[in-house]
Amino acid sequence: MNDKLVINGIEFKSRLWVGTGKYKDFEETAKAIEASGADVVTVAVRRTNIFDNKSDNLLDYIDPKKFKILPNTAGCFTLEDALRYARLARETGVSDLIKIEVIGDKDTLFPDSCATLTATEILAKEGFTVLPYINDDPVMALRLVDAGAAAVMPLAAPIGSGLGIRNPYNLKIILEQAKVPIVVDAGVGTASDVAEAMELGCDAVLLNTAIAGAKDPVLMAGAMKHACIAGRMAYKAGRMPKKMYATASSPIEGML
């Protein structure tokens with residue numbers, strides 16, 4: 001399909017985006033990313049060694065010329081830390097793209113909405129392409145767009161839970177009201193969750209644990225790729241209406 005995803009003038013080839021954490025080693029990471037077909041790879045600036053050329057480096061296995069590196073501020077619990085690591089990523093030449101995460105609760109890993117909003121406003125004014133991780137909150141989504149977010153990334157369920165989309169109705173409201181791309185982020189567990197997000201009309205899905213935590217991460221990465229494509233095609237095709245009663249698949253008019 002001639003159906004490109006564009007965010008702030010940046011064109012993306014794939015609507016499936018993947019993370020780099022929790023794999024057994026960099027070799028497995030690289031194989032899974034390749035199998036996923038993703039061209040966006042998110043990297044936790046605080047937790048991942050991408051700046052030290054003296055030791056084994058993730059970017060030795062993921063070619064920045066082939067993939068768009070999306071730094072994120074995972075592990076930051078304060079506004080100050082999130083801003084610091086976002087700026088560090090840009091200063092070292094990784095990217096002007098930034099996925100903002102400011103965690104508000106250590107048990108649920110739900111985002112701190114107030115700090116996320118402030119970080120988005122500050123970094124957008126500094127020229128970043130800001131993609132904030134948020135709860136599935138339609139009101140906050142609109143406030144983040146007003147603050148300069150280039151896209152919003154509502155969770156499907158708590159990070160790493162694998163529960164899938166818990167509240168499709170809130171996602172539908174966000175999709176209707178927010179006039180920026182919507183990327184489902186966190187809580188996806190398997191391929192059907194990806195397909196559901198895409199069938200709702202979401203512009204992309206970002207996941208990590210659903211692949212890295214599978215028994216066969218590379219095989220699961222391939223499944224996610226096909227689910228994303230199928231879900232987007234189904235959304236573009238337009239599903240049939242649901243009905244309470246049966247309708248014959250074959251016409252009965254003219255039958256003897």
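All of the numbers you see were taken from the coordinates with simple rules; none came from a lab. Model, not experiment: these values are computed from the prediction. Note: ideal-geometry Cβ built from the backbone for every residue, glycine included; neighbour counts use all protein chains shown.
Taking region 1-122 on its own, what percent of its Cα-Cα pair distances exceed 18 Å?
56 percent
Any idea what angle helix 217-237 forms with the longest principal axis of the chain, computed on alpha-carbon atoms, 0 to 90 degrees, nearest 10?
50 degrees
Under 5 Å between amide hydrogens, which residues at least 5 positions from CYS76 or on another chain qualify, with H placed 1.01 Å from N in the peptide plane?
Those lying under 5 Å, H to H, from CYS76 are ILE103.
Counting only Cα, what are the radius of gyration and maximum Cα-Cα distance Dmax of region 71-111, in Å?
10.5, 33
Exactly which GluC sites (Glu not before Pro) in region 57-105 are in a DSSP loop and have at most 10 other Cβ atoms within 10 Å?
Counting only loop positions with at most 10 other Cβ atoms within 10 Å, none of the GluC sites (Glu not before Pro) in region 57-105 qualifies.
Only Cα pairs under 8 Å and at least 6 apart count here; give the relative contact order of region 168-222 as a rounded whole percent.
This gives 32 percent for region 168-222.
Using only Cα atoms and rounding to the nearest 10 degrees, what angle (0 to 90) does helix 191-200 make with the longest principal axis of the chain?
80 degrees
Applying 1/(1 + (r/R0)^6) with R0 = 51 Å to the Cβ-Cβ distance of LYS242 and LYS65, what FRET efficiency is obtained, to the nearest 0.05?
FRET efficiency, LYS242 to LYS65: 0.65.
Quick query: amide H of GLY19 versus all other amide H atoms, modeled in the peptide plane; which residues come in under 5 Å with a sequence gap of 5 or more or a different chain?
Distant-sequence amide H within range of GLY19: THR42, LEU207, ASN208.
For ASP136, enumerate residues with amide H under 5 Å from its amide H, sequence gap 5+ or separate chain, H modeled in the peptide plane.
LEU155
Before rounding to the nearest 500, sum -39500 (n - 2.57) across all DSSP H runs of length at least 4 in the chain and divide by the residue total; then give [θ] at 222 nm in deg cm²/dmol.
Details: 8 runs with 92 residues, N = 256.
Helix-only estimate at 222 nm: -11000 deg cm²/dmol.
With a cap of 10 neighbouring Cβ atoms within 10 Å, and only residues DSSP puts in a loop, list the trypsin sites (Lys or Arg not before Pro) found in region 185-250.
Those that pass, being in a loop and sparsely packed, are LYS215, ARG239, LYS242, LYS243.
Using the alpha-carbon atoms, what tilt in degrees (0 to 90, nearest 10) does helix 113-125 show relative to the longest principal axis of the chain?
70 degrees
Between CYS114 and LYS215, what is the label-point separation in nm under the 7 Å Cα-to-beta-carbon projection?
The answer from the label model is 4.7 nm.
For every other residue with a beta carbon closer than 10 angstrom to the beta carbon of ILE10, add +1 if it is Lys or Arg and -1 if Asp or Glu, then tell me the sum.
That works out to -1.
Would you mind telling me the antiparallel percentage of the DSSP bridges in the chain, rounded to 5?
Antiparallel bridges: around 15 percent, rounded to the nearest 5.
Report relative contact order for the chain in percent, whole number only (criteria: Cα-Cα under 8 Å, sequence separation at least 6).
The normalised contact order for the chain reaches 17 percent.
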